[in-house]
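One structure below.
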Amino acid sequence: MDTDVARHGTMQPADLPAVARGPSGTPVALTVNGIPHLVDLEPRVSLLDALREHLDLTGSKKGCDQGTCGACTVFVDGRPVLACLTLAIACEGREVTTIEGISSGGELHPVQRAFVEHDAFQCGYCTSGQIMSAVALIEEGDATTDEEVAELMSGNICRCAAYPNIRAAIRDVIAANAASAGEEARSATA
């Protein structure tokens, strides 16, 4: 080996001693859907892979694994993020909410109910990401028209093209929330 290095000035892979490659696992404390977990992860593991492969939370889907389809949308501290582009280790000390965590007391979230009522899914692969994005859109209150809903949901791709049903479900929840707010306002002034 020494003569080869002296002659060529470089070492060849076969000349190198066998060593473990890549980063080793490290304990990562994640709080997902209100439940604390300590998971041994390599620092480069995405939040999506941590959820699916280490915590068995498979509702968030791996569609493109490049941040373009929205199927992996989850909330981190209440804000929607693409779990395939988010490192799990970056979520330590933060609250992660997945599709499995948005229902309450065994009852579907209003957006989940509306998706069922409007048949807003076909194959269902994009549904969890669509629902998570819709929940965020509704909570932000920035969409009032069908065009605004379509624009704000444009980061979520539905390969089955159920977009009209998805928008109808979202519009129904927005309308129900507006009616509920109106009822509360009338009750407060009565």
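The table below gives the values:
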read-out	value
Count of residues meeting criterion [in a strand (DSSP E or B) and touching a His at 6+ places or on another chain (Cβ under 9 Å)] in the range 24-60	8
Pairs with Cβ under 6 Å, 6+ apart, first in the range 33-48 and in contact (Cβ under 8 Å) with a residue 40 or more places away in the chain, second surrounded by fewer than 16 Cβ atoms within 10 Å (Cβ to Cβ)	Leu41/Gly25; Pro43/Pro23
Qualifying positions in the range 156-188 - within 12 Å of Ala134 (Cβ to Cβ), touching a residue at least 40 places away in the same chain (Cβ under 8 Å) and β-branched (Val, Ile, Thr)	Ile166, Ile170, Val173
Selection count where residues are charged (D, E, K, R) and under 15 Å from Pro164 (Cβ atoms), scope the range 110-149	4
Verdict on Gly129 being in a helix (DSSP H, G or I) and either within 22 Å of His37 (Cα to Cα) or touching a strand residue (DSSP E or B) at 6+ places or on another chain (Cβ under 6 Å) (or both)	yes
Among residues of the range 132-150, those that are assigned to a helix (DSSP H, G or I) and hydroxyl-bearing (Ser, Thr, Tyr), counted	1
Hits in the range 108-126 (condition: assigned to a helix (DSSP H, G or I) and either surrounded by 18 or more Cβ atoms within 10 Å (Cβ to Cβ) or touching a helix residue (DSSP H, G or I) at 6+ places or on another chain (Cβ under 8 Å) (or both))	Pro110, Val111, Gln112, Ala114, Phe115, Glu117
Filtered residues of the range 143-160 (kept if surrounded by 12 or more Cβ atoms within 10 Å (Cβ to Cβ), closer than 16 Å to Pro80 by Cβ and not hydrophobic (A, V, I, L, M, F, W, C))	Glu151, Gly155, Asn156
Sole residue being crowded, with 22+ Cβ neighbours inside 10 Å, closer than 24 Å to Ser154 by Cα and out of contact with any Asp or Glu (no Cβ under 8 Å at 6 or more places or on another chain), chosen from Thr68, Thr58, Thr73, Thr86	Thr73
Condition met for Asn165 (under 17 Å from Ala114 (Cβ atoms), polar (S, T, N, Q), over 14 Å from the mean Cα position of the chain (by Cα) and surrounded by 13 or more Cβ atoms within 10 Å (Cβ to Cβ))	yes
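Every number in this text was worked out from the coordinates using simple rules, so none of it is lab data. Quick caveat, the model's predicted, so the values are computed rather than measured. In this analysis, Cβ positions are derived from the backbone assuming ideal geometry, glycine residues included, and neighbour counts consider all displayed protein chains.
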